[in-house]
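Beneath this line is the structure, given in structure tokens, with notes to follow.
The values are calculated or read from the model by the stated rules, or taken from the named source; none is laboratory data. A quick note: this is a predicted structure, and the numbers were derived from the prediction, not measured. Methodologically, a virtual Cβ is constructed for each residue, glycine included, from the backbone with ideal geometry; neighbour enumeration extends over all protein chains shown. Surface areas here come from the heavy atoms of the whole protein model, side chains and all, with no ligands, DNA or RNA. Shrake-Rupley method; radii C 1.70, N 1.55, O 1.52, S 1.80 Å.
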Amino acid sequence: MTQPEPAAARITVDPSFTVGPVRRRTFGAFVEHLGRCVYTGIFEPEHHDADEDGFRTDVLELTRELGVSTVRYPGGNFVSGYRWEDGVGPVDRRPVRLDLAWHSTDPNTVGVDEFAKWSAKAGVEPMMAVNLGTRGVQEALDLVEYCNIDGGTALSEQRRANGAANGYGIKMWCLGNEMDGPWQIGHKNALEYGRLAADTARAMRMIEPGLELVACGSSGPTMPTFGEWERVVLSETYELVDLISAHQYFEDFGDLQEHLAAGHKMEAFIHDIVSHIDHVKSVKKSTKQVNISFDEWNVWHMSRDESKVPTGRDWPVAPVLLEDTYTVADAVVVGDLLVTLLRNTDRVHSASLAQLVNVIAPIMTEPGGRAWKQTTFHPFALTSRHASGTVLQLAVESPLVSGGKTADFAALSAVATYDADKGEAVVFVVNRSAGQALTLDAAVAGLGNTKVVEAVTYANKDPYWQASADDSTSVLPSENGTVKVDGGRLTAELPAVSWSMIRLAVGA
């Protein structure tokens with residue numbers, strides 16, 4: 001079959017036009033007590049690579065390589081039934097509890113102190129969620145006191161007795177999780193939740209005024225309450241919170257071109273949330289700006305068997321749940337979602353890839369065995385490593401493509417970052433066409449003299465190739481030899497279904 005001729009796409013890269021700073025918190029992740037994310041994921045004392053605290057050092061190394069900045073914990077749906085006190089103190093005295101969210105049993109071997117210790121080893125900032133499903137203001141205050149007060153109070157002294165002499169200084173706190181969802185334990189309507197979140201936020205700030213608080217936004221754009229939920233919740237909490245959450249997942253239902261529309265859909269969702277935030281700001285005549293914490297996002301094939309939650313009388317510990325195996329196409333989508341988050345860095349101030357290990361994750365482990373990288377690992381790691389400085393506003397001309405349900409979105413998705421201190425600009429480009437290559441023509445004269453430092457593309461003749469423990473390296477980002485810079489113009493060939501990164505040394 002003859003392949004169609006490449007289509008032309010153009011961008012202009014100029015450091016005079018900016019969106020905002022590259023935010024390290026864009027590269028967050030998520031660890032929930034769900035499936036094997038915690039037990040046999042980050043924590044497996046019996047493993048031959050476990051350290052003295054029971055943490056898998058191979059997973060720690062991969063977490064650092066992935067470039068994760070923040071990690072949200074302990075949920076997720078799990079947090080809405082969680083009693084944090086169960087996970088502190090002597091392990092042999094911790095109660096075993098049923099987890100209603102995922103129909104599992106949690107031994108509470110890992111809790112707040114273990115997570116704080118793991119975060120320090122991984123070099124990540126902890127982002128803590130409080131239970132506003134079955135609990136409320138007092139329990140949230142207790143957790144803040146336990147985590148952040150150095151000493152001299154009942155709960156801070158309890159933490160000290162448990163081995164942590166100083167408080168953890170946790171700054172980011174989620175006020176519950178997905179409280180708009182009927183599946184959530186303690187689900188509330190917008191007014192009920194908004195008032196509880198406001199009371200909780202007000203009280204938490206009495207302990208520590210500088211906390212950064214995240215109110216629950218909608219669990220996705222298809223929720224019937226989306227928009228009205230944001231209006232009501234923010235009407236109650238606007239002056240008390242810093243961020244409102246956004247959650248969105250994407251699935252390949254067999255239409256590759258539709259799957260590649262994910263970034264386009266995320267961008268529309270972000271713009272809608274911004275409009276709802278700013279409506280409340282205008283009505284309140286506030287000078288404060290609330291922004292977005294996109295603290296759950298990923299490709300998740302939730303209709304497949306691996307995402308079916310067990311039922312019945314069996315409540316297993318760390319069952320195999322949500323263990324998607326990702327394709328090259330999924331990785332291209334993940335790379336495009338990161339491009340989208342960066343492109344909206346003026347309003348998206350934090351984000352969390354859900355999740356980190358085993359559960360819809362870039363890192364996979366075998367109990368007692370190997371750890372390996374999924375396809376989605378690579379665009380995340382490279383973007384986290386090389387995006388720095390300022391996000392630039394690009395002028396983009398692109399042919400349009402249409403998916404099964406989504407019409408007329410740009411085949412080219414692009415963002416660039418510019419770091420004057422490093423003397424480097426990085427262009428991230430995605431060809432969202434399922435069947436046609438693109439020829440990229442980028443005007444880069446505004447950067448001054450430029451030289452290509454590195455140019456890699458992630459693609460494969462079979463976009464449905466999947467990595468495995470036995471073969472995680474035969475398809476990797478590889479050198480794109482078509483990238484050239486001449487006379488202030490950069491040109492490149494971008495295969496169909498591809499993610500690319502082009503690093504440029506820049507100077508006057």
Checklist outcome for this item: Conditions (1) over 25 Å from the mean Cα position of the chain (by Cα); (2) closer than 30 Å to Leu494 by Cβ -> Asp53 fails only (2)
Next on the checklist: I need every pair where a residue in the stretch 70-87 that is within 12 Å of Phe30 (Cα to Cα) has its Cβ under 8 Å from the Cβ of a residue that is of a type in the set (Val, Ile, Thr) and open to solvent by less than 10 Å² (accessible area, probe 1.4 Å), sequence separation at least 6 or different chains.
Outcome noted: Val71/Val31; Arg72/Val31; Tyr73/Val31; Pro74/Val31
Checklist entry - strands (runs of 3 or more DSSP E) wholly in the stretch 47-121 with at least 1 residues that are surrounded by fewer than 20 Cβ atoms within 10 Å (Cβ to Cβ) - which ones? => result 97-99, 104-106
Next on the checklist: Quick check on the stretch 394-453: of everything there that is of a type in the set (Asp, Glu) and modelled with pLDDT of 95 or more, which residue is farthest from Ser498 (Cα to Cα)?
Outcome noted: Asp421
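Looking only at the stretch 453-483, which residues are of a type in the set (A, V, I, L, M, F, W, C) and either more than 20 Å from Thr383 (Cα to Cα) or open to solvent by less than 50 Å² (accessible area, probe 1.4 Å) (or both)? Break it down into steps so the answer makes sense when it comes.
Initial filter on the stretch 453-483 (of a type in the set (A, V, I, L, M, F, W, C)): 453, 455-456, 459, 465, 467, 469, 475-476, 483.
Scanning the stretch 453-483 gives Ala455, Val456, Ala459, Trp465, Ala467, Ala469, Val475, Val483.
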Next on the checklist: Just checking, does the stretch 263-275 include any residue being open to solvent by less than 10 Å² (accessible area, probe 1.4 Å), assigned to a helix (DSSP H, G or I), under 22 Å from Trp173 (Cβ atoms) and touching a Pro at 6+ places or on another chain (Cβ under 9 Å)?
Outcome noted: yes
Checklist outcome for this item: Those residues of the stretch 169-203 which are open to solvent by 10 Å² or more (accessible area, probe 1.4 Å), touching a residue at least 60 places away in the same chain (Cβ under 8 Å) and in a helix (DSSP H, G or I) amount to Leu196, Asp199, Ala203
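Across the stretch 145-161, what is the number of residues that are in contact with a helix residue (DSSP H, G or I) (Cβ under 9 Å, 6 or more places away or on another chain) and assigned to a helix (DSSP H, G or I)? Please lay out each step first, then the result.
Taking the stretch 145-161 as the starting set, the residues that turn out to be in contact with a helix residue (DSSP H, G or I) (Cβ under 9 Å, 6 or more places away or on another chain) are 145-151, 153-156, 158-159.
The next check asks that each one be assigned to a helix (DSSP H, G or I); those that pass are 145-148, 154-156, 158-159.
Residues in the stretch 145-161 being in contact with a helix residue (DSSP H, G or I) (Cβ under 9 Å, 6 or more places away or on another chain) and assigned to a helix (DSSP H, G or I): 9 in total.
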Item to check | Residues that are open to solvent by 10 Å² or more (accessible area, probe 1.4 Å), outside any strand (DSSP E or B) and among the acidic types (Asp, Glu), drawn from the stretch 204-248 | outcome: Glu208, Glu228, Glu236, Glu239, Asp242
